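A quick write-up on the structure given underneath.
The values are calculated or read from the model by the stated rules, or taken from the named source; none is laboratory data. Remember, predicted model here, so these are calculated numbers, not experimental data. Cβ placement follows ideal geometry from the backbone for every residue including glycine, while neighbour counts extend to all protein chains displayed.
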Amino acid sequence: MPPDVLAVRGAAKTYAVGRALLGAGGTLQALRGIDLVVRKGETLGLVGESGCGKSTLARLILGIEAPTAGTVTLAGRPVGAYGRLERAKLVQPVFQDPYSSLNPRMRIARIVAAPLEVRGVGSASWRRERVRAIMDAVGLPGHFIGVYPSQLSGGQRQRVAIARALVGEPEILVCDEPTSALDVSVQSQILNLLARLKRELGLTLILISHNLAVVHHLADHVAVMYLGRIVEHGPTEAIFEGPRHPYTAALLASVLSPRPGARLPEIRVGAEFPSPLAPPPGCAFHPRCPRAGDGCTSIDPEETRDGSSGFRCHYPLPRGGT
Amino acid sequence: MTAPPLLEVRGLRVEIPLPGGTTRPVRRVDFSVAAGETLAIVGESGCGKSLTSLAIMGLLPRAARLTAEAIALGGRSLLGLSEAAWRRLRGERIAMIFQDPMTALDPCYRIGDQMTEVLRQHRPVSAEAARRRALELLGRVGISSPEQRLTQFPHQLSGGLRQRVMIAMALLCEPELIIADEPTTALDVTIQAQILHLLAEIQRDTGIGLILISHDLGVVAGVAHRIAVMYGGEIVEIGERDAILGKPLHPYTEGLMRSIPVPGETRRGETLGFIPGTVSRQAGELTRCGFIDRCPYANARSAAGAVPLSPAPDGRLVRCVLPLDGSGRDAGAWTRLVEGV
């Protein structure tokens, strides 16, 4: 089995909000005990609605922030133990909006070479060669090295962002909604690119998306987050074909099909997303859950393991699909 | 057709004069919407779908020049209305729901004040009657404890609730037509389905006409009766929803359908279709097919002149020189594109 590149154990992240200093504020629990492992060459899809903590988790993995409790281990060492440049060698981000994530005053060659330059890797001519090679790998024509981001389309800019992330050969790429800002026909080209890079370079990918079709298309494993917890995780096929947690089932039901005869899905979960300032007692999903019963309002469900999958629910859906 | 359609748009053009020459973001757009009908306008950024809706609302930016043979609502022309007449019309007969309710609502006013103000702008009603109407509509759009919501500010509501408030506000004066521009794009997926249900239900119950503008074919598939696909400022295909989604006849529509991963249909990691190239900026009048540079089927006739909308055997209109019974297309063209051959 390939080695673990990323291991997150009991990671929690809280933020003091409001007038915390005066004792009148509250504590926002963005992450409430996250466990996950990602092996080399694997793609993990993180899904969940806004406020579920998926972007906070990405920030912990990128080392932008430190967990309040628990550990995040990259290639065997805690993220916090690496220096900034060492960390940049290991893990690189690709953000949602390629319009704001690229410096408009830099030419593409400098943008893509930046991760090598700040680390002082290789000679200038070696770096130039490397930039050319990676631009070729992500499907950017060579003459783009001299142009500015404003001269490129959205899809081309996202390719630049991916080239910059890959140029230093990181262990892990963290993609936060990499296609959400792009048009449909361009989105598919970026998905094709990521799928190819995964195949050819054995890339390890953390893919954060609210779009379940995108996650289904790329991820080997899926972790479903709700209010700072992973409520269900497992191999992609298992999750999509037989979700056990009612929240996962609701998310899957909400995928809109573009096929003729498609009807709007009936979503049987309540509309109100609870405040992360005051998570509901017991299972945090119980106020919206159509299956909630005895115990759900008071007892926080432990994880039930089932092979390589796991879920946190007192009344799970039957095994083997609905 | 016996009764005139609720909304008729004919020969709509929007031009924006710029120092470097005039751009034409909307070129000759024709469509109509019947009462009780949902027309979806689909297309990618820059296709002209939002400017089309702003033109119907009389909200085009000052720099834009609008020309049209006809824009008529309920048989009455909307061309050349004064700003005062537009203000009476908007909210009263046409209402709009925007993508982001946080920017469409005023952050400094309570929900109740914003709702009653809209109503009292248009109707001579007492404050108390306006409040009752606001309460009734908040209940109608599925908001629990509406009394409490009336006293709250927009930031105190979730995105889904804010969009429900926007829908309630759009309904205040019982308009004949609602234009919803990407109404669920900013919302979470479980909320999205609920808001779309609400729009469909209100439309069924009230018989209003609805124009739904979206880039998302999944959203459109669940709600629309008819679909208009826009590309480069033109409608390239317009017709019944299931006909278009089942067998798109314009190569652009076909490319869009091929680009979307669908769980359960597309295999994981499978190479998806895409549309090569980028939207070309053709500033002048079109002298050939607007999609020619990106079309895998383009032939000599595509370049021979501007392409008109022509009826296909099933009644839909398609702007393409290929045979409209679906023949004459080399199905391998898209695959070869993907494989880079």
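A few notes on this one:
- Of all residues making up segment A:235-270, the number that are among the charged types (D, E, K, R), surrounded by fewer than 21 Cβ atoms within 10 Å (Cβ to Cβ) and either touching a residue at least 40 places away in the same chain (Cβ under 8 Å) or closer than 16 Å to B:GLU265 by Cβ (or both): 3
- Taken residue by residue, segment A:223-233 has at least one member that is under 19 Å from B:GLY160 (Cβ atoms), of a type outside the set (Ser, Thr, Tyr), touching a residue at least 60 places away in the same chain (Cβ under 8 Å) and more than 9 Å from every other protein chain (Cβ to nearest Cβ).
- Test: residue in segment A:276-289 that is more than 8 Å from every other protein chain (Cβ to nearest Cβ), of a type in the set (Lys, Arg) and in contact with a Phe, Trp or Tyr (Cβ under 7 Å, 6 or more places away or on another chain): no
- When segment B:307-325 is limited to residues that are assigned to a loop (DSSP other than H, G, I, E, B) and of a type in the set (A, V, I, L, M), the one that is farthest from B:ASP30 (Cα to Cα) turns out to be B:LEU322.
- Qualifying residue in segment A:71-87 (condition: modelled with pLDDT of 95 or more, surrounded by 13 or more Cβ atoms within 10 Å (Cβ to Cβ) and among the charged types (D, E, K, R)): no
- Of all residues in segment B:277-291, exactly one satisfies the criterion of being within 12 Å of another protein chain (Cβ to nearest Cβ) and modelled with pLDDT of 90 or more, namely B:PHE291.
- Subset of segment B:17-26 (residues that are over 17 Å from the mean Cα position of the chain (by Cα) and either farther than 17 Å from B:ALA68 by Cβ or crowded, with 16+ Cβ neighbours inside 10 Å (or both)): B:PRO17, B:LEU18, B:PRO19, B:GLY20, B:GLY21, B:THR23, B:ARG24
- Residue within segment B:323-333 that is among the acidic types (Asp, Glu) and within 11 Å of chain A (Cβ to nearest Cβ) present: no
- Of the numbered criteria (1) charged (D, E, K, R); (2) buried (at least 21 other Cβ atoms within 10 Å of the Cβ); (3) more than 11 Å from chain B (Cβ to nearest Cβ), the one A:ASP183 fails is (3).
- Inter-residue pairs, beta-carbon under 7 Å, first more than 7 Å from chain A (Cβ to nearest Cβ) and in segment B:254-276, second surrounded by fewer than 19 Cβ atoms within 10 Å (Cβ to Cβ), 6+ apart: B:PRO276/B:LEU337
- Subset of segment B:268-294 [of a type in the set (S, T, N, Q) and touching a strand residue (DSSP E or B) at 6+ places or on another chain (Cβ under 9 Å)]: B:GLN282
- You will find that of B:PRO61, B:PRO107, the residue that is part of a loop (DSSP other than H, G, I, E, B), closer than 29 Å to B:ALA186 by Cα and in contact with a Phe, Trp or Tyr (Cβ under 7 Å, 6 or more places away or on another chain) is B:PRO107 and no other.
- You will find that of A:GLY51, A:GLY63, the residue that is touching a strand residue (DSSP E or B) at 6+ places or on another chain (Cβ under 8 Å), outside any strand (DSSP E or B), of a type outside the set (Lys, Arg) and modelled with pLDDT under 95 is A:GLY63 and no other.
- So B:GLN192, is it in a helix (DSSP H, G or I), within 14 Å of chain A (Cβ to nearest Cβ) and more than 21 Å from the chain's Cα centre (by Cα): no
- Residue check for B:GLY160: touching a helix residue (DSSP H, G or I) at 6+ places or on another chain (Cβ under 6 Å) and either within 13 Å of another protein chain (Cβ to nearest Cβ) or surrounded by fewer than 17 Cβ atoms within 10 Å (Cβ to Cβ) (or both): yes
- The residues of segment B:195-208 that are assigned to a loop (DSSP other than H, G, I, E, B) and over 21 Å from B:ASP30 (Cα atoms) amount to a single one, B:GLY207.
- Inspection of segment B:11-24 identifies at least one residue that is outside any strand (DSSP E or B) and farther than 21 Å from B:LEU177 by Cα.
- Segment B:123-157 - residue that is over 19 Å from B:GLY91 (Cβ atoms) and charged (D, E, K, R) and, of those, farthest from the other protein chains (Cβ to nearest Cβ): B:GLU128
- Filtered residues of segment B:14-45 (kept if over 14 Å from B:ILE227 (Cβ atoms) and within 14 Å of chain A (Cβ to nearest Cβ)): B:GLU44, B:SER45
- Odd one out for A:PRO243 among (1) within 9 Å of chain B (Cβ to nearest Cβ); (2) touching a helix residue (DSSP H, G or I) at 6+ places or on another chain (Cβ under 7 Å); (3) part of a loop (DSSP other than H, G, I, E, B): (1)
- Count of residues meeting criterion [basic (Lys, Arg) and more than 19 Å from A:ILE172 (Cα to Cα)] in segment A:87-129: 5
- Among the residues listed as A:LEU205, A:LEU197, the single one being in contact (Cβ under 8 Å) with a residue 24 or more places away in the chain, within 12 Å of chain B (Cβ to nearest Cβ) and part of a helix (DSSP H, G or I): A:LEU197
- For segment A:161-171, a residue qualifies if it is out of contact with any Cys (no Cβ under 9 Å at 6 or more places or on another chain) and either crowded, with 23+ Cβ neighbours inside 10 Å or within 14 Å of another protein chain (Cβ to nearest Cβ) (or both), and the qualifying residues are A:ALA161, A:ALA163, A:ARG164, A:VAL167.
- Screening the candidates B:ALA95, B:ALA129, B:ALA134, B:ALA180 for the property of being of a type outside the set (Val, Ile, Thr), more than 25 Å from B:SER50 (Cα to Cα) and surrounded by 22 or more Cβ atoms within 10 Å (Cβ to Cβ) yields one hit, B:ALA134.
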